[in-house]
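Please read the structure below before turning to the comments.
The values are calculated or read from the model by the stated rules, or taken from the named source; none is laboratory data. Keep in mind that this is a model prediction, so the values were computed, not measured. Note that we place each Cβ from the backbone using ideal geometry, even for glycine, and neighbour counts take in every protein chain shown. Side chains are part of the model used for accessible areas, which takes the heavy atoms of the whole protein and leaves out ligands, DNA and RNA. Shrake-Rupley method; radii C 1.70, N 1.55, O 1.52, S 1.80 Å.
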Amino acid sequence: MVLLESILVPVAALGYFSGFAAAYVATGHPTDTRQFIISKDKPLPYEHGATTWYKTSIRPVKNLENWIDFEKDLALEYLLDNIAPNGNNTDGCSDGTVIASPSKSYPNYFYQWIRDAAITVQGIIDAYEKSEDLALRDIVDRYANMQGEIQGTFNPSGGFATGGLGEPKFMVDGTPFIGSWARPQRDGPALRALTLMNFIRVVNQTHPELVTSQWVSRLYNPDLSAKSIVKSDLEYVSNHWDAVGFDLWEEIQDLHFFTALVQHKALVEGRDLAISLGDNRAASWYDSQQVALKRFIKTEFWDGRNGHLKAYQHTPYRSGLDCSIILGSIHGGQSDLYPPWSDEMLASTQMFINQMQMLHPINKQKPPYYPEDERLRGVGIGRYVEDIYDGVRTSEGNPWFLCTSSVSDIFYTAIAHFVDEGELRITRINRPFFNRLNPTGKAKLGRVTSSDLDFRNYLQAMFTYADSFLNVIRYHAKADGRLSEQFDKYDGFQRGAHDLTWSYGSFLMAVDKRQTAREKLLGSKY
């Protein structure tokens, strides 16, 4: 047994236990009978004795809690249906395969993407950490075995040592996809390394007797010739982070904020794992590269003139605001590098929301059961303003479920951080976000501490605001809890690949973050 007491791999816990119902829309559709029935239960006990800005800012949307409880169990079931060998949608898939969607035509998403699979399995690991369910650990073990096979498979991006780790997707039996595609995509190795480093940490905490030298060396072996999964990915990241590739939307060849952030996090945690396993030369190399990459991220992705982060280094025909910025913070943000609570992230997220609010006509429609102040009402969030992918072909982009729930994730995470810190700071950069929360629309610059009444007001308003984006998902989800990739920007009905694995995972992650934020709010005097 190898007790990894010195492992410093603080991979953020991801709670991935993650829609077709537009109840009433401008085009005249009648109320959809599939819609979840809304009861008249009393709101949760978020009210306190002190004066608040407005009462509706201190409670979640009426009965949203009921729907979340209803949806999260189904979302986890549907997510697991997309993982072989036991998933209902995985006929013909090799063990450990995570399909993007069961959809095989219009569009065909019946493949395994390295990125999507890694993000999904992060959530499975989090569930295993909480439940110690051996069936969940078995899923991760099978995933790791599949990824080891894929790493060694020659593909259109190259071989094991000639760029093949940058191949973005494979067939469901693990063989290469040989068609034309946007390759390479350099986020996959970083995300896979993060997922499996987290797996090492969690197994070491829950069942340390299983952490044998043989088990660890399959994932990380200092000997490069052993071709261990995590070590191979870290070598790829450390030697290719400054090389251009395609973004997570598989459209733009550039250097990307999302990719850079997850690569940096992988190098930091890879350094710490290497130290704990005595691979000091590798640790020194990874550290030198994370320092250089961090400097690059800090200098290349902040648009000071417009006051927001940008998704690409050199893509002049786009605004730069993109859902990938939000996703980058969720999956790659660190306490000192664009975490969800950072000034830059809150400002960028609010600007992006403003864009989406104006872009999609469905966002003008208010759910009939939504009682909150209009300024705290969430909207459907798409990928970026210039998007023309409608889920099947090119026409007009729509809101995506995973993007919408990711906004909630950012806000819930920020709430938990501010409660822990006992303060928040309103700066010139993040002031547009706090203006949205303040009923006067004019937040005062400066430090707001837990002793100030406004501290509680801001956090409670932020919680309601975060809830409102989950309420958008509730509005467009099917009555049986199913979520597709997108929902139509005009009539609100679902579009694109059905049962998208990432839609479920993103929702479940946001719900997990919500629970943490809720406990911190209710567990304190605020």
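Annotations
- Listed residues 76, 97, 140: farthest to the positive end of the dipole of the chain (Cβ charges): 76
- With pairing defined as another cysteine C-beta under 4.7 Å, the cysteines of the chain that fail it are 93.
- Shape call, the range 93-302: gyration tensor on alpha carbons, a/c limit 1.5: oblate
- Sorting the segments 145-154, 293-302, 194-203, 233-242 by their residues' average number of neighbouring beta-carbon atoms within 10 angstrom, most packed first, yields 194-203, 233-242, 145-154, 293-302.
- Taking packing as the residue-averaged number of other Cβ atoms within 10 angstrom, the listed peptides 391-397, 119-125 run from highest to lowest as 119-125, 391-397.
- Stokes-Einstein diffusion coefficient of the chain, Kirkwood radius over Cα pairs, 10 °C, 1.306 mPa s, in µm²/s: 68
- In the context of the full set of protein chains, residues of the range 71-185 present 38 Å² of accessible surface per residue (probe radius 1.4 Å, heavy atoms only).
- Take every pair of alpha-carbon atoms less than 8 Å apart whose residues are at least six positions apart; their mean separation over the length of the range 340-525 yields a relative contact order of 29 percent.
- Estimated FRET transfer efficiency (residue 69, residue 318; beta-carbon r; R0 30 Å; 0.05): 0.15
- Each peptide among 160-172, 71-83, 480-492 gets the average number of other Cβ atoms lying within 10 Å of its residues, and from highest to lowest they stand as 480-492, 71-83, 160-172.
- Cα→Cβ-extended label distance, 7 Å offset, between residue 295 and residue 366, nm: 5.2
- Inter-site label distance for residue 288 and residue 428 at 7 Å from Cα along Cβ, in nm: 3.9
- Rg/Rh, computed from the Cα trace of the range 439-526 with Rh as the Kirkwood radius, has the value 1.11.
- With every protein chain in place, the range 340-525: carbon and sulfur % of accessible area (1.4 Å): 49
- Helix content alone sets the calculated 222 nm mean residue ellipticity of the chain: runs of n ≥ 4 DSSP H residues at -39500 (n - 2.57) each, divided across all residues, give -15000 deg cm²/dmol.
- For the range 340-525, the solvent-accessible area of protein heavy atoms averages 32 Å² per residue (probe radius 1.4 Å; ligands and nucleic acids excluded).
- Taking 0.36 nm per residue of sequence separation and removing the Cα-Cα distance, the residue 225/residue 444 pair yields an extension gain of 73.0 nm.
- The slack between residue 178 and residue 394, meaning 0.36 nm per residue of separation minus the straight C-alpha distance, is 75.5 nm.
- Residue-span extension gain [residue 421 to residue 303] - 0.36 nm each, minus C-alpha spacing: 39.7 nm
- A straight Cα-to-Cα reach below 12 Å connects residue 265 with the aspartates and glutamates 187, 287, 336, residues fewer than 8 places away in its own chain not being considered.
- For the range 382-501: rounded, prolate or oblate by the Cα gyration tensor [a/c cutoff 1.5]: prolate
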